[in-house]
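Notes follow the structure.
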Amino acid sequence: MGIVTIIGGVISAISGFFAFVIGALPGIISIIMGVLLRKAKKHADAILFEDAVERYSANFSKLVGSLNAYFKIMSILIIIGLVLGVLAAVFGLIAGASLLNYLDTLDFL
């Protein structure tokens, strides 16, 4: 999953950069999230194949830290998306009401 996220982020960053420089931002965020998932996989594999308890606890804390950063970024992006969605819905309702009011003054309906 991390590799797919990184590849998608690279494609998004390149296409967004050519469209508008700020358009590369979602691709860069996807690349960062893919790297965090790759780190988590690396530490999970180390936990599975190591026998020493000391290294197990170190790898486990690194695994949890990588996943913690991933889920924090994901939750921030979800909150931003929800806020933008609510703002778009409110703007759409206001624009629709204004349009109906305008059409009513024209005696169009």
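Pairs of C-alpha atoms in the chain farther apart than 17 Å represent 69 percent of all such pairs. Between 0 and 90 degrees, the angle of helix 53-105 with respect to the longest Cα principal axis of the chain falls at about 0 degrees.
Every read-out reported here was derived from the displayed coordinates using simple, explicitly stated rules and does not represent laboratory data. What you see is a predicted model, and the numbers here were worked out from it, not measured in a lab.
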